[in-house]
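Trainee: Shown below is the structure under consideration.
Only the coordinates and a few stated rules stand behind these numbers; no lab work does. For clarity, every value in this text was computed on a predicted model and none was experimentally measured. When we count neighbours, we look across all protein chains shown, and the Cβ atoms used for this are built from the backbone with ideal geometry, even at glycine.
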Amino acid sequence: MNRRTFLRLGTFGPALLALEGLAFGPPPARAGDRPEPEMLDAGLREILGAVTERMVDTGEPGAPSVSDTGAIERIEQLLAGLDREVVGSVKLLLRVVDLWPAVMELRFRRFRSLSDAEKDESLEGWLTSRIALRRQIFFGLRNLAQYGYWTDGSTWPLVGYPGPMIGSRV
Amino acid sequence: MIEAGRDHPGTRALRSEVCVIGSGAGGAVAAAVLAEGGRDVVLLEQGGHYTAADFNQREDSMIPLLFEDAGMRATEDGSIVILQGRGIGGSTTHNLCYCFRTPEPILRRWEQEHGVRDLASFEESFERVEAGLHVQQIQEEELNALNVAIRRGAEHLGYHGLVARHNRVGCVRSGFCLLGCAYDVKKSMRVTYIPRANNAGARILADCRVDRIEVHPGGHRLVHATVLDRAGRPHGELTVEAAVVVCSAGAIMSPLLLAASGLGGASGQLGRNLHLHPSIIAPAVFQEPLHAYYGIPQAYYIDEFIDLERDPRSGIILMPISGPPFLTATNLPGFGRKHFEHLRHLSHMGGLLALLHDQSSGEVEAGRGGRPRIRYRLEPDDRRRLIEGLKHCVEVLWAAGAERVLVPYHDEPLVLRPQDGVSEIDRVEARGGELTLNSTHPQSTCRMGEDRSRSVVNSYGELHDTPAVFVADMSVFPTSLGAPPQITTASLGDRTARHVLDRWPELRG
């Protein structure tokens, strides 16, 4: 994850988000959600969950889901240790990624409302963009998602990783 | 005893003879040598104090604890990820133990081009810190499967390589060095010089972020620090009054601290001349399982492409690289299923990295909120050398038995098999293919020299423009080092501390 990426997002993120209020109104409230978490609100958690699911999709039957692994909670914990300005930029970034398909790809739907294939297409656009900043944002998000998922022990059998040696092999 | 600042909210004022800022290779050695020399020392460390019992070999636990910004520090353009350690012991807690003395041609260059004096004292410091860190030759039987394969590949191609010297004793070869040694067999600063400093009476405080150094003309220096709580938030203030300050906060933070204090800026070189030893990683998949995340990660290296006697300004070192799932995942291309198609072979994976002795340079300055803004431009010649190094990595990996090597260009990842040759790399380079680079060795931002107009500190690390404020870390390297920096940095700590002891009657004021 590149911290500067998140900070530099400030250069065009707010402009894009200004459109959000005009075109879409405020992000939908979600009744019955769990109490507001410390780092991300319900909407941001939903976006992060949607991004993470596609970033770490293995296609393997029986692979642990993102929610099985507690990936989002783990990412939130990581963010809690970073300084406030960086976390603010991550939040901004998530909203931009969510809004991007609606405004910039003319899909008129947020990222989290897209089908899996459409989400992958949108992410591919970030990865292969000619704009370096967009590629950096992609890798920032990808690394966050991978941190959340692949550091959970339930995912290790998928890659044949036996896990730490402490207490077992030494 | 090491005091955790997080347990001490409120305002405190300490007095000492010397205040050392930073507990990595430079600061820990300086603190120990000064304390053993009879000086009253306070050592401040921004990160936390962790012990072997904390090192659980899990990436999710250890990366946020042991790396600055949880491993997310990078250059402003995002092109180079910079891994730097934090916590008692600094980067020596997570490094992979390569022990190289400063290459002779580099020392000569420091002398000839920057006027650095008294090279003989470096030699004496090397001897002392190698003894202090228990440096020894890695034994044949200690090489893991990846290192054995890489050596086989190098020998097959006729490339020169060596089994390394490391600071580890009785290594159990778990392979988790990067996440902190759970067995205390890695002889990092945390288990060598920090206890020595402690035993000699130094007071060591973790969780203390130094904000500025105040210099009182003709008198003491006052170090102002913020004490951080468990979550890294301010919950106290600390001042340390001292006759001498040794700043060892590393090549990113030392220049920022000095600039924030209005010190060291006379030459205009403070924060400039940043070298990074940028590296490219080439992951590969082997037919047989290597389980390269176990065993000593970097026990061997290839030095065929660096000859500092012939050219002290450039060269490439090739080093094995491997890791657990997350760290490996970040170096593989793509996302989702395409990414998983690579990662699923983790147990068969191992890689080589090409590390550049760089001529390119950059700068560090304070950005928003005082955080570092790091700029670095890889010059075309250095880019070319790095890509040549990447090709050598691919060829060595093939010769080592790799079935395929991945070159993780962002928009067109290459999967190269032995029959493919390396020319595809040229094609993608020609159209401006982009790779993420890594750095673990930022250096040279407070460079040493005798010309006050071209350097920040003198031959012993003392600021040209401010007496009794010294710098002892990688920031004082006058040029790119061209080798892993642990021994050089520790030796600078030793050398600077002995210089302070020699001059104590004058420096005490």
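Trainee: If you plug each phi of region B:321-336 into the Karplus form 6.51 cos²θ - 1.76 cosθ + 1.60 with θ = phi - 60°, what whole-Hz ³J(HN,Hα) values come out, in order, with x for Gly and Pro?
Mentor: 8, 7, x, x, x, 5, 4, 5, 4, 5, 9, 9, x, x, 8, x
Trainee: Once both labels are modelled 7 Å past Cα along the beta-carbon direction, what's the B:Gln139-A:Arg109 spacing in nm?
Mentor: My value for the distance between the label points is 6.4 nm.
Trainee: If you take each beta carbon of peptide B:409-421 and count the beta carbons of other chains within 10 angstrom, what is the mean?
Mentor: 1
Trainee: Further question: Is the C-alpha gyration tensor of region A:112-170 telling us rounded, prolate or oblate? Criteria: a/c under 1.5 is rounded; beyond that, a/b larger than b/c is prolate, otherwise oblate.
Mentor: Here region A:112-170 falls in the prolate category.
Trainee: Distance between Cα centroids, region B:13-34 to region B:338-417: provide it in whole Å.
Mentor: 36 Å
Trainee: Next question. Averaged over its residues, how many other protein chain Cβ atoms are within 10 Å of peptide A:128-136's Cβ atoms?
Mentor: The mean count of partner-chain Cβ atoms within 10 Å per residue comes to 3.
Trainee: Highest mean first, what order results for A:135-148, B:27-40 on Cβ atoms within 10 Å?
Mentor: Going from most to least packed, we get B:27-40, A:135-148.
Trainee: Figure the gain on full extension for B:Arg431 and B:Glu127 (residue separation times 0.36 nm, minus the Cα-Cα span) and round it to one decimal in nm.
Mentor: Gain on extension, B:Arg431 to B:Glu127, equals 104.6 nm.
Trainee: Quick check on region B:149-302: what are the equivalent-ellipsoid semi-axes from the Cα gyration tensor, as sqrt(5λ), descending, whole Å?
Mentor: 41, 22, 16
Trainee: May I ask you to list the aspartates and glutamates whose Cα is less than 17 Å away from that of B:Lys186, ignoring any residue fewer than eight positions away on the same chain?
Mentor: Qualifying aspartates and glutamates at Cα under 17 Å: B:Asp54, B:Glu130, B:Glu142.
Trainee: Let me ask you something else. As I understand it, the value is the acute angle between the Cα axis of helix B:250-260 and the longest principal axis of the Cα atoms of chain B; what does it come to in degrees, rounded to 10?
Mentor: The answer is roughly 40 degrees.
Trainee: If you place +1 on the Cβ of every Lys and Arg, -1 on the Cβ of every Asp and Glu, and leave all else neutral, what size is the dipole of the protein assembly as shown about its Cα centre, to the nearest 20 Debye?
Mentor: Charge dipole of the protein assembly as shown: 780 debye, to the nearest 20.
Trainee: Continuing with this model, one more query. Enter the mean number of other protein chain beta carbons within 10 Å of the beta carbon of each residue in B:50-60, as an integer.
Mentor: So the per-residue partner count for this stretch is 3.
Trainee: Here is a follow-up. What's the FRET efficiency of B:Arg377 with A:Ile131 using the Cβ-Cβ distance as r and R₀ = 22 Å, to the nearest 0.05?
Mentor: With a Förster radius of 22 Å, E is 0.70.
Trainee: Starting from the Cα gyration tensor of chain B, take the square roots of the eigenvalues, sort them a ≥ b ≥ c, and report rounded, prolate or oblate (rounded when a/c is under 1.5, otherwise prolate if a/b is larger than b/c, else oblate).
Mentor: prolate
Trainee: Multiplying the sequence separation of B:Arg368 and B:Ala13 by 0.36 nm and subtracting their Cα-Cα distance, what value in nm do you get?
Mentor: 124.9 nm
Trainee: Using only the alpha-carbon atoms, how far is helix B:380-399 inclined from the longest principal axis of chain B? Give it as 0 to 90 degrees, nearest 10.
Mentor: 50 degrees
Trainee: Based on DSSP, what percent of beta bridges with both residues in the protein assembly as shown are antiparallel, to the nearest 5?
Mentor: 65 percent
Trainee: If you don't mind, another one. When the Cα centres of region B:261-327 and region B:44-58 are compared, how far apart do they sit, in Å?
Mentor: Measuring centre to centre over Cα atoms gives 24 Å.
Trainee: Using 0.36 nm per residue, how much length does the chain from B:Leu162 to B:Glu104 gain when fully extended, once their Cα-Cα distance is taken away?
Mentor: That pair, B:Leu162 and B:Glu104, stretches by 19.1 nm at full extension.
Trainee: Also, I was wondering about something else. Find the relative contact order for chain B and round it to a whole percent, using C-alpha pairs within less than 8 Å whose residues are 6+ positions apart.
Mentor: 24 percent
Trainee: Separate question: What angle do you read, to the nearest 10 degrees and between 0 and 90, between the alpha-carbon axis of helix B:119-132 and the longest principal axis of chain B?
Mentor: The answer is roughly 80 degrees.
Trainee: Could you tell me which of rounded, prolate or oblate describes region B:1-152, using a ≥ b ≥ c as the square roots of the eigenvalues of the alpha-carbon gyration tensor, with rounded for a/c under 1.5 and, failing that, prolate when a/b is larger than b/c and oblate otherwise?
Mentor: Judged from the Cα gyration tensor, region B:1-152 comes out oblate (a/c at least 1.5, b/c at or above a/b).
Trainee: Take the alpha-carbon centre of region B:215-230, take the same for region B:453-472, and report the distance between them in whole Å.
Mentor: 19 Å
Trainee: Additional query: Magnitude of the Cβ-charge dipole of region B:193-251, K/R +1 and D/E -1, about the Cα centre, nearest 20 debye?
Mentor: 180 debye
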